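Working notes, beginning with the structure itself.
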Amino acid sequence: MANLRYGIVGAGSIGKVHAEAISKVDGAEVVAFADPAMDTRQAAAERFGVPLQYDYVEDMLAAQKLDVVVVAVPNVSHAPVALAALRAGCHVLCEKPPTVNAAQAKEMMDLAADKGVRLQYGLVMRFSAEAETAKAYVDAGRLGTIYHSTVQIWRRRGIPGLGSWFTTKAESGGGALIDIGVHMIDLTHYLMGLPKPIAASAVTHAKFGVDADSYNYLSMWGTPVPGGPFDVDDLACALIRFENGASLVLQAAWAANTSDGMDVRLMGDKGGLELSPGNYVRVLTEDNGFIADIKPQYKAADNFAEQHRHLVAAIGDKSRAIRTDGRQGFVLQSMLDAIYRSAAEGNEVNIEV
Ligand SMILES: NC(=O)c1ccc[n+]([C@@H]2O[C@H](COP(=O)([O-])OP(=O)(O)OC[C@H]3O[C@@H](n4cnc5c(N)ncnc54)[C@H](O)[C@@H]3O)[C@@H](O)[C@H]2O)c1
């Protein structure tokens with residue numbers, strides 16, 4: 001069978017990670033980049049041997065019949081780019097966060113269903129070896145009923161692209177929560193069995209990015225823009241309630257005076273589980289009358305390549321479900337929206353999904 005023809009929209013940091021990942025996947029081939037930044041897209045096309053280049057998704061779709069479009073542009077453009085690709089009948093892999101509001105995520109979910117094409121979100125932590133291992137223990141019933149979880153991601157100094165689109169609410173939709181908290185809420189919600197969220201109560205802070213001149217850091221994802229805006233959160237804290245009575249507590253920071261770290265803790269009535277993507281999984285249980293931990297051994301996974309293998313397999317076999325599909329993107333975005341709304345209003349807010 002011929003390779004699926006991929007176009008990547010956005011040839012920046014993560015667009016290149018996708019090109020590299022797709023090159024490892026059987027049955028997939030990147031044939032085009034679309035990015036108005038000519039130097040960026042030319043360098044990416046050269047590096048990955050990609051033959052075609054365009055400015056925007058519309059130019060690419062008008063010139064080429066593509067099977068899959070990867071959306072790797074700033075958050076505010078996720079929905080417009082993805083909707084253009086879906087309208088053209090392409091399958092879509094859209095980077096996280098799903099969009100900048102739940103109404104857009106719903107539009108994408110509905111259009112993908114109308115068109116009969118696949119929509120997958122780049123919630124790549126679900127494809128980590130740790131997530132796969134944890135899910136196997138959850139699915140085997142080893143935790144019993146999961147009634148509570150905590151998840152945290154701390155960066156001591158990790159604001160991306162200070163002053164760029166990353167820290168401009170109109171382009172990013174938010175800060176630490178929507179950029180990195182999104183991965184952690186999603187992974188935890190998935191491992192909890194995707195219970196229906198009903199309410200969120202949250203607080204956000206902005207302490208470091210607001211004074212760019214005194215921001216002391218060692219490295220930065222993306223490119224800073226001196227004098228650019230910072231009107232987003234650099235720390236978010238939230239409690240989410242679910243219809244089944246379960247709860248999730250999140251803390252996510254781009255910058256805080258605390259140590260770097262990332263972990264998910266799931267508490268079930270039969271057992272617990274702790275994981276950190278890329279680092280460890282342990283199951284907290286009892287054995288032979290003793291309180292005991294299980295430390296499973298597993299092979300490392302290339303989670304970016306795995307997410308593309310998952311999509312290629314689902315395109316080839318319609319009976320296969322997409323693990324991070326349009327509905328899940330909509331529910332996730334609804335939780336993010338509720339957290340920001342709760343923090344702004346100072347109240348618990350309901351989530352309708
Ligand atoms: N999955 C992950 O772990 C992960 C990691 C980093 C970034 N991301 C996500 O990937 C997306 C891009 O982030 P990045 O770090 O690559 O940003 P980036 O700024 O490095 O790259 C974005 C690129 O998109 C281009 N662009 C902007 N608007 C465009 C448009 N309308 N059409 C075509 N190209 C356009 C820009 O010229 C730039 O080259 C964001 O949504 C971000 O949240 C995901």
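The values are calculated or read from the model by the stated rules, or taken from the named source; none is laboratory data. Every value quoted in this text rests on a predicted model; they were computed, and no experiment measured them. Please note: Cβ atoms are built from the backbone with ideal geometry, for glycine as well, and neighbour counts cover all protein chains shown.
Condition check ((1) farther than 19 Å from Leu248 by Cα; (2) outside the structural domain of Pro277 (by TED's automatic domain parsing); (3) basic (Lys, Arg)) across all residues:
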residue	(1), (2), (3)
Thr150	no, no, no
Arg156	yes, no, yes
Ile159	yes, no, no
Ala170	yes, no, no
Val182	no, no, no
Asp186	no, no, no
Pro197	no, no, no
Trp221	yes, no, no
Pair list, Cβ < 7 Å and 6+ apart or interchain, from segment 50-65 residues that are among the aromatic types (Phe, Trp, Tyr) to residues that are in a helix (DSSP H, G or I) and more than 12 Å from the ligand (Cβ to nearest atom) = Tyr54/Ala63
Within segment 57-81, count every residue that is more than 23 Å from the chain's Cα centre (by Cα) and either assigned by TED's automatic domain parsing to the domain that holds Leu336 or not acidic (Asp, Glu) (or both).
-> 7
Any pair with Cβ under 7 angstrom, 6 or more apart, that starts in segment 80-107 at a residue that is part of a helix (DSSP H, G or I) and ends at one that is of a type in the set (Lys, Arg) | Leu86/Lys115
Residues in segment 160-172: is at least one outside any loop (DSSP other than H, G, I, E, B) and at pLDDT below 95?
-> no
Taking Gln42, is it over 26 Å from the mean Cα position of the chain (by Cα), over 22 Å from Ala314 (Cα atoms), surrounded by 14 or more Cβ atoms within 10 Å (Cβ to Cβ) and more than 14 Å from the ligand (Cβ to nearest atom)?
-> no
Is at least one residue of segment 82-92 closer than 19 Å to Asp325 by Cα, within 17 Å of the chain's Cα centre (by Cα) and within 12 Å of the ligand (Cβ to nearest atom)?
-> yes
May I ask you to list pairs of residues, at least six apart or on different chains, whose Cβ atoms are under 7 Å apart, with the first in segment 10-28 being within 11 Å of the ligand (Cβ to nearest atom) and the second being part of a helix (DSSP H, G or I) and among the aliphatic types (A, V, I, L, M)?
-> Ala11/Ala44; Gly15/Ala44; Lys16/Ala44; Ala21/Ala305
Count - residues of segment 231-260 that are part of a loop (DSSP other than H, G, I, E, B), closer than 20 Å to Leu162 by Cα and either of a type in the set (Gly, Ala, Ser) or free of Cβ contacts under 8 Å to residues at least 24 places away in the same chain (or both) = 1
Closer than 22 Å to Asp337 by Cβ and part of a loop (DSSP other than H, G, I, E, B): does that describe Gly228?
-> no
For Ala112: the one exception among (1) out of contact with any Gly (no Cβ under 6 Å at 6 or more places or on another chain); (2) away from the ligand (no atom under 16 Å from the Cβ) = (1)
